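> Below is a structure I'd like to ask you about.
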Amino acid sequence: MKRIITCLCIACLLMLSLPMGVLADHQYLLDSDTRLITQSELWDWDRESLSFMFNEIFARHGYPFQAGGKFYNWFNAQPWYQAVWKVSKEQAVAAATDLEWKNYYTIKSVISQMDAVGWPYRKPAGSSLRSWRDFTPPDSSLKLTGFRYLTISANQKLDVYSAPSASSWRGANGKAMVNTNGAVWAAGWENGWLLVFYETNAGSVRVGYVNGSQIRGRVDMNDQLFFDRSACRLASAATLTDDPLRTMTTITNLRAGNTVTYLTTVTNQSGWSFDYIETTVGGQRVRGFIPAGCLDVPYDMLDNWDGYSK
């Protein structure tokens, strides 16, 4: 089952405070483990926010989300989330309390009602999980979830490609390159290629891959990348960019109905969410970002446990 998502104008989202649970010691999105949740309070939120609150019930018990998906990326960034490889899906579901199960059914009911009436997936205004915490690189205002400041030997100029292949699309008219004398942030490795982002000489930002075999010296990054890799249809037209932080420089314009490969979702320093995807441009493999909400994305846990009960 897939959800059809209408692409909303996320540029006009307003910064709002999170519910009480977010301020608690464990930094939960919703305190569904300590009190009964009402349907009326849930209707103040958008559809996307409820999907995270729904999944949080089982995340508290270590539910192992699909590697690379947006729930995987979000919950793995939370200090309270248990290591996913130590808990099976069945164990996580069985560990939920009676109170949590009551709230499970309440949230699930409201989600079904929202789907039936076409409730906004992401609100342009109103309650939305727009204040998601992201990683803050040191000594810079730049922020992009999943990336951290990289310690790497200076005086290197490394070729940058949009995908982990020297035959993939390359920015700056085929000359994209990162100078390690400047700040570099990295997310992890994929088949010997390192996913990085950095500031260009023009003041923009570029996200791309460098070949690990070209890097001299030790690289302070051992993380491996895991992506969703679901084939998804564009529900509306979107602009593909390799700069989700500043200029949103256009790589290409994608049409509604095009099929692309969904990889993961990231959030920038302004709180805007972007889906990281793969497609082809002029026969070349290319990866980049489009505004979240433009894809018909498959459900994650909502499908897997839709018929589960306690």
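> Using a simple spin-label model with points 7 Å from Cα along the Cα→Cβ vector, what separation in nm is obtained for Ala172 and Ser88?
5.1 nm
> Follow-up question, since we're still on this one. How long is the gain from Ala77 to Arg233 if the chain were fully straight, where each residue apart is worth 0.36 nm and the alpha carbon distance is subtracted?
Numbers: separation 156, 0.36 × 156 = 56.16 nm, distance 2.78 nm.
Residue separation times 0.36 nm, minus the Cα-Cα distance, leaves 53.4 nm.
> If we sort 276-288, 223-235 on the protection proxy, mean other Cβ atoms within 10 Å, highest first, what's the order?
Details: 276-288: 18.4, 223-235: 16.8.
Per-residue mean Cβ counts within 10 Å order the peptides as 276-288, 223-235.
> Neighbouring Cβ atoms within 10 Å as the yardstick, rank Glu41, Glu48 fewest first.
The order, fewest Cβ neighbours first, is Glu41, Glu48.
> Rounded to the nearest 20 debye, what is the charge dipole size of segment 230-296 about its Cα centre when +1 sits on each Lys and Arg Cβ and -1 on each Asp and Glu Cβ? Write down the numbers at each step before the final one.
Details: 5 positive and 5 negative charges, 21 e Å.
Roughly 100 debye for segment 230-296.
> Starting from 0.36 nm per residue, how many nanometres of slack lie between Ala202 and Leu36 once their C-alpha separation is accounted for? All intermediate terms of the calculation are to be shown ahead of the outcome.
Values: separation 166, 0.36 × 166 = 59.76 nm, distance 5.23 nm.
Taking Ala202 through Leu36 to full extension adds about 54.5 nm, to one decimal.
> Describe numerically, in nm with one decimal, the distance between label points set 7 Å from Cα along Cα→Cβ at Trp43 and at Ser109.
The modelled label-to-label distance comes out at 1.3 nm.
> Along the Cα→Cβ direction, 7 angstrom out, place labels at Val219 and Thr151. What is the inter-label distance in nm?
Reported label-point gap for Val219 and Thr151 is 1.6 nm.
Each reported figure results from applying straightforward, stated rules to the coordinates on display, with no laboratory input. Please read these numbers as outputs of a predicted model, since none were measured by experiment. Ideal geometry is used to build each Cβ from the backbone, glycine not excepted, and the neighbour counts take in all protein chains shown.
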